[in-house]
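*Asks:* Got a structure for you, written out below as structure tokens; questions coming shortly.
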Amino acid sequence: MENNIQDLVRKGTTTVGLVCKEGLVLAADKRVTLGGRIISHKSFEKVVKITDNVAITTAGTVSDIQLITKLLRAELRLKKIRTGKEPTVKTTANLLGTIVYQNIRKFSTIVGITGFLLGGKDDLGFWLYEIGPDGSIITHADFATDGSGMMMAWGVLDTMYKPGVSLQDGIKLAVKAINAAIQRDAASGEGVNVFTITKSGIQQVVNKQIESKLEA
């Protein structure tokens, strides 16, 4: 029974985060699978805006991702009301890490495995964090990748990323990294979403769908 339940869990993804000269780039594919075998959704939004200054990429069990995202937004709103200030990116990352830590350790017949890349800006600058499935928090000064296709994305990023890369080149590099995963990882595919975080705010700059239907 446990194996049957796990086969029905929606998961699989490739996500990428880049630190650029003018800000940050967050990108992800669009495919959702059941146990990595059956495609259940072809246009899922895996880059999510949390506040006007923070966005995350999502990977893992969809139901847990959706619940954690709701909890994070609610807690940030409460914190802003109580303090009268916008929470820093570090505070947001610590809060997300705490929620993930508590989520993965609760008893459940479905393991709530999640992975997040969190990017944001505050008065201290631009920040890129990786929130591991165990609730660990890692700061990245260059790039990060997560999900089932991260090995392919890492190969591209390790080879092609350069410190101080421009935002436009960072967008192109993120698409190349996602594309490499789509070509070889069965749980990644259908297209790519790319968001930027700059002094002007958070903006979606790429939203491409891959057409996979054949007609005689």
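All of the numbers you see were taken from the coordinates with simple rules; none came from a lab. As the structure is a prediction and not an experimental result, all values here were calculated from the model. Reconstructed Cβ throughout: ideal geometry from the backbone, glycine too, with neighbour counts over all protein chains shown.
*Asks:* Within 10 Å of each candidate Cβ there may be at most 13 other Cβ atoms; applying that plus a DSSP loop requirement, which GluC sites (Glu not before Pro) in the range 130-216 survive?
*Replies:* GLU211, GLU215
*Asks:* Going through the DSSP H helices of the chain, which span 18 Å or more along their own axis at the Cα atoms while scoring at least -1.0 as a mean Kyte-Doolittle hydropathy?
*Replies:* Helices meeting the criterion: 62-83, 89-104, 167-184.
*Asks:* Here's a follow-up. Starting from a Cα-only point model with no solvent, please compute log10 I(q)/I(0) by Debye for the chain at q = 0.13 1/Å.
*Replies:* Evaluating at q = 0.13 Å⁻¹ gives log10 I(q)/I(0) of -0.69.
*Asks:* Given +1 on the Cβ of Lys and Arg, -1 on the Cβ of Asp and Glu, and no further charges, what dipole in debye does the range 2-208 carry about its Cα centre, rounded to the nearest 20?
*Replies:* 460 debye
*Asks:* Also: Which of the chymotrypsin sites (Phe, Trp or Tyr not before Pro) found in the range 99-146 are loop residues per DSSP with 11 or fewer other Cβ atoms within 10 Å of their Cβ?
*Replies:* Of the chymotrypsin sites (Phe, Trp or Tyr not before Pro), the ones in loops of the range 99-146 whose Cβ has at most 11 other Cβ atoms within 10 Å are PHE107.
*Asks:* Take the cross-link list LYS30/LYS85; LYS46/LYS90; LYS21/LYS49 and give me the ones stretching past 24 Å between alpha-carbons.
*Replies:* LYS30/LYS85
*Asks:* Ranking THR98, THR83, THR58 by Cβ neighbours within 10 Å, fewest first, what do you get?
*Replies:* By the 10 Å Cβ count, ascending, the order reads THR83, THR98, THR58.
*Asks:* Further question on the same structure: Could you tally the net charge around THR92, taking each other residue with its Cβ under 14 Å from the Cβ of THR92, Lys/Arg +1 and Asp/Glu -1?
*Replies:* Result for the neighbourhood of THR92: +2.
*Asks:* Positive end of the charge dipole of the chain (Lys, Arg +1 and Asp, Glu -1 on Cβ, about the Cα centre): tell me which of GLY23, ALA216, VAL165 has its Cα farthest that way.
*Replies:* Toward the positive end, the furthest listed residue is GLY23.
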